[in-house]
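The structure appears below as structure tokens.
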Amino acid sequence: MKTNNGLLLIDKPQGITSHDVVSRVRRALGEKRVGHAGTLDPMATGLLIIGVGPATRLIRFAQSEKKLYTGIVKLGSSTDSLDADGEVTGRADVPELSLEIVQSCASSMLGTQQQIPPMVSAIKVGGKRLYEMAREGIEIERAPREITISRFEVCPTESNDEWNFVVECTVGTYIRVLLSDLAVRLGTLGHLTALRREASGHHSVKDALTLDALKTLAENGTDVLRPPVDFVTGLETVILHDEQERRVRMGQQIEIAQSFTSPEIAALDVSGQLVAILQPRGQLWKPELVLPDSREGKLDS
């Protein structure tokens, strides 16, 4: 029986964790090796990139991609989690706002900056999750992280205290923190009431499956996985001839005539399937990660 191996795009529903999604994918595909890139909070919906089988070793490439989010921020109140799942911790009047005022404030937050992660987050400090400490009433100092906001647009709703937004950002950005900071700059408080990941890199939620659709397709024997090469579309590539591929699969270093600017490249076979990730070693290229050969009729781990 052929082992599952590839990339899966899931449209995560509201109310479950990213880990819950992984568990349901495992059951649907009958595959233990399943992982995800980029955690979504239970309240959030949208694109979750899943690695299945040997392709789980490629998840790091999806984790480093730019993310695109849409959502709604509610002004006038704050919560301990900075979203609608938390307890209200404060209230404030909302000044009269215009699109020009709010968009000008949002635009001022573009660019590279330092962001302090929220206490209600999955970051580990001393082996313990921050959200576990938060539940115990403990708050500790968190090191700021460098993030880049490349797009931040707002749009009014029928209510002065609710605004739609679009954010494009680098990995590690907490949208909850960004929108809470926006509210403070506007002279009030705020928290997220909706958040949806629309895209990650070149992957779009429009191409994703719901969990129910995945279950149905898997039961019908439909192949739902994209090829592992879809994880590494951002890398420079080289096509290996047969002898090069044989040596790479044996873990041997090879010579490559062309030059590259990246610290690692994707090596493909003549059919365009991903063979390995290569890294330079002097004048040679060493296989850092080698995938099983799908043409062998089965995939070994």
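Nothing in this text is a laboratory measurement; each read-out follows from the coordinates by a stated rule. Here the structure is a predicted model, which means the values were calculated and not measured. Because the Cβ atoms are built from the backbone with ideal geometry, glycine has one as well, and the counts that use them run over all protein chains shown.
Per-residue ellipticity at 222 nm computed for the chain from its helices equals -5500 deg cm²/dmol, with DSSP H segments shorter than 4 residues left out and the rest contributing -39,500 (n - 2.57).
In terms of distances greater than 31 angstrom between alpha carbons, the cross-link table entries Lys215/Lys286; Lys32/Lys206; Lys206/Lys286 yield Lys215/Lys286; Lys206/Lys286.
Between the amide H of Asp83 and those of Leu192, distances stay under 5 Å, these residues lying 5 or more places away or on another chain, with hydrogens modeled in the peptide plane. Compute the distance from the alpha-carbon center of the stretch 180-195 to that of the stretch 1-69, in whole Å. That distance is 29 Å. Here the dipole of the stretch 235-296 is about 160 debye; that uses its Cα centre as origin and unit charges on the Cβ of Lys and Arg (positive) and Asp and Glu (negative). Considering every alpha-carbon pair of the chain, the percent of pairs per 20 Å bin, from zero through the bin containing the longest distance, is 29, 50, 20, 1. Taking θ as phi - 60° and the Karplus parameters 6.51, -1.76 and 1.60, the scalar couplings of the stretch 248-265 work out to 5, 5, 8, x, 8, 6, 9, 8, 10, 5, 6, 9, 9, 9, 8, x, 7, 9 Hz in sequence order, x denoting glycine and proline. Using a simple spin-label model with pseudo-atoms 7 Å out from Cα toward Cβ, Ile116 and Gln258 lie 4.8 nm apart. Across the stretch 86-95, rounded Karplus estimates of 3J(HN,Hα) from the backbone phi angles (6.51 cos²θ - 1.76 cosθ + 1.60, θ = phi - 60°) give x, 8, 5, 10, x, 9, 7, 5, 9, x Hz, Gly and Pro being marked x.
For Arg151, the amide hydrogen comes within under 5 Å of the amide hydrogens of Glu168, counting only partners 5 or more places away or on other chains and with H modelled in the peptide plane.
Using the Karplus relation 6.51 cos²θ - 1.76 cosθ + 1.60 with θ = phi - 60°, the per-residue 3J(HN,Hα) values for the stretch 12-26 come to 5, x, 6, x, 10, 8, 5, 5, 4, 4, 4, 4, 6, 5, 4 Hz, with x marking Gly and Pro. Qualifying trypsin sites (Lys or Arg not before Pro) in the stretch 220-301, where qualification requires a DSSP coil assignment and no more than 14 other C-beta atoms within 10 Å, comprise Lys298.
Normalised radius of gyration for the stretch 191-301, please: alpha carbon Rg relative to 2.2 N^0.38 Å, two decimal places.
For the stretch 191-301, the normalised Cα radius of gyration comes out at 1.36.
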